[in-house]
Amino acid sequence: MSQIKATPELITNLDDLASLADYSLIDTLNCDPEAKADGVDHLPRQVFSGHYVPVMPTPLKEPVYISHSKNFFSELGFADSLAQSDNFMRMFSADLSKIPRPLRKPGWACGYALSIYGTEYYQQCPFQTGNGYGDGRAISIFEGVINGRRWEMQLKGAGRTPYCRGADGRAVLRSSIREFLAQEHMHSLGVPTSRSLCLYTSKTEKVKRPWFEQGSYSKDPELMIEEDVAISTRVAPSFIRVGQLELYGRRVRKKEHPKAMEELEKIVLHLIDREYSEVIDKRLTIEEKILLLAREFRSRLTSLVANWIRVGYCQGNFNSDNCAAGGFTLDYGPFGFIDMFDPEYQPWTGGGLHFSFLNQPQAAEHNFHMFCAAIHPLLASSKNALAKLEAIRGDFSKVMQEEMEQMWAAKLGLTTFDKSLFKELVTLMLKTSVDYTIFFRELSQIPEDITPLKKSFYRNSISNEKILESWFLWLDKWKSLINVTLPESREKLSKQMKSINPKYTLREWFLVPAYQQAADGDYSLLRELQAVMTNPYSEQSKAIEEKYYRQKPSEFFNIAGISHVSCSS
């Protein structure tokens, strides 16, 4: 990696940003030898080797500013005015024709493999070989060091790449708004995630997508609708996925080309430099580095999934290609925040129970096993190293269970996890049909009786005497365990629990009217949601509380596009 340049006090124009460019991926990894230098490479084709393909993004026609993340701009030292400046808006709506040097064109896209719940897949690749999987509509256009941190900026919906599998490479406004809001919401919730920079749409460009009829209960889209296109810019230290490592691990195993082992080693060492340099010493041997990488990634991944469940988030499609090797949330496609507590909650109609809410730890374990299989060839010459890797892999479920128990204890305000209390709670939550977010937030008030908890009860549970009596008994047992008698200790615990149990989460029925209004050019609700959801633990105004701190209306249950979605495009 090259020498870090000083960041201007305030980045006010594209020249300021250009001065911080540092393209470590392009400069240190292998380009696809069959790639076109000008990046005019937009038709589906097999990519047999190399770590990236140069691709020129396809600009939006007549771009329109929608929003930017003021919080993230502030963290980066970007002036808010930058988001609507001509040059910045042009670049981040995919027009690289006039970018200042030393910014580079074209951008780049990367390949990866696909595995689902630990099973390798090839048939979804149009060539049946796995050489067509990758960034079908995601194109990175910047890498640099800003305020001492390395960031990569990637356009989602910037047109076709060799991995597009015949699609148009565009993202629609609906899914772009969902991802734009969700990333910054998750960051505000304290969950590791890619970040949102800015969001633009087009005055004139539209595409057709399958969707649901109004008020439908269907699990499958029933018609084609015309939607506005958009480009959101997501930002992360890197976009290396477990599926990427898998691709090179498979090529080594199958001896697909002479440079396969070299490419696997390069991408793993690059991952360590990009994501783990603070915890893995450069002076260590490659064997030592890889074992530390496996241990650290296990720690990050188990913590991440426990955090997802803490805030009521379900990834929906947690394949290995949607699993960031840096251990953060990536790819907000068919995600959802839970309303009524259900261990089998799954927002995506194509996801199945294996990716449901409380099955996320198992999905993560399968992804970790694929990660270990991918790096296995690099340790093959050392039986001792392989034994250590196997031990790290084998302990995943134990470490995951520990993370989950710590998380549940924290949500309940306990110093240690109480299995009996928790089991009773889950049974009661299911019997009562409680709102997951509201229940834990009201519990954080340390209520004297169950009256505040009733705010979270759906249906007729509020008048079911038998269920209410069970809640009285459970609450008494819980209060005996937290043992707060003095007002000071009660207030302290309440504050602590409120910092863990959010008041506001980005429920789908909040998102739907926001993207419907945006389609008509009205971005006010989107911006209101942005403000509310970037302060999810705060007590906000009475009007905001009445609007966003409430149960899901009964008429929205089982409605397509609200209670469940197809894979967003």
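Rule-based calculations on the coordinates, nothing more; no lab input. Quick caveat: nothing in here was measured; it's all calculated off a predicted structure. Here Cβ is always computed from backbone atoms with ideal geometry, including for glycine, and neighbour counts include all displayed protein chains.
Before moving on, here are some points about what is shown:
- Computed lengthening from residue 395 to residue 475, 0.36 nm per intervening residue step minus Cα-Cα distance: 25.3 nm
- When 379, 430 are arranged by Cβ crowding within 10 Å, least crowded first, meaning fewest neighbours, the order is 430, 379.
- Nearest-0.05 FRET efficiency for residue 119 and residue 499, computed from C-beta distance (R0 41 Å): 0.55
- Projecting the Cα atoms of 384, 172, 548 onto the charge dipole of the chain (Cβ charges, centred on the Cα centre) puts 384 farthest toward the positive pole.
- For segment 414-498: span of alpha carbons on each principal axis (Å, largest first): 36, 24, 20
- Label point distance in nm, residue 259-residue 19, each placed 7 Å from Cα along Cα→Cβ: 3.6
- The overall shape of segment 434-569, judged from the alpha-carbon gyration tensor, is oblate: a/c is not under 1.5, and a/b is no greater than b/c.
- Nearest-20 debye value, the chain charge dipole, Cβ charges on Lys, Arg, Asp, Glu: 520
- Put in order of Cβ neighbour count within 10 Å, fewest first, the listed residues 372, 198, 323 become 372, 198, 323.
- Each Lys and Arg contributes +1 and each Asp and Glu -1, all at the Cβ; summed about the Cα centre of segment 508-556, the dipole is approximately 100 debye.
- Between residue 464 and residue 485, the simple spin-label model (points 7 angstrom out along Cα→Cβ) gives 3.6 nm.
- Förster radius 60 Å - calculated FRET efficiency between residue 538 and residue 34 (Cβ-Cβ, nearest 0.05): 0.70
- Tensor-based shape of segment 1-68 (alpha-carbon gyration tensor, a/c under 1.5 rounded, otherwise prolate or oblate): oblate
- [x] 24.8; [y] 25.6; [z] 23.7, with the label sought being that of the calculated Kirkwood radius over Cα pairs in Å: [x]
- Whole-Å distance, taken between Cα centres, linking segment 65-130 and segment 362-432: 32
- Within segment 326-361: backbone nitrogen closer than 16 Å to the residue 220 label point (7 Å, Cα to C-beta): 349-352
- Helical segments meeting 24 Å axial Cα length and Kyte-Doolittle -0.5 threshold in the chain (DSSP H): 286-311, 465-482
- Multiplying the residue separation of residue 26 and residue 353 by 0.36 nm and subtracting their alpha-carbon distance yields 113.8 nm.
- Gain on full stretching of the segment that runs from residue 519 to residue 380 - 0.36 nm per residue minus C-alpha separation: 44.6 nm
- Shown is the FRET efficiency for residue 208 and residue 427, computed with R0 = 35 Å from the Cβ-Cβ distance and rounded to the nearest 0.05: 0.15.
- For segment 508-556, the gyration tensor built on C-alpha atoms gives an oblate shape. Its axis ratio a/c (a ≥ b ≥ c) is at least 1.5, and a/b is not larger than b/c.
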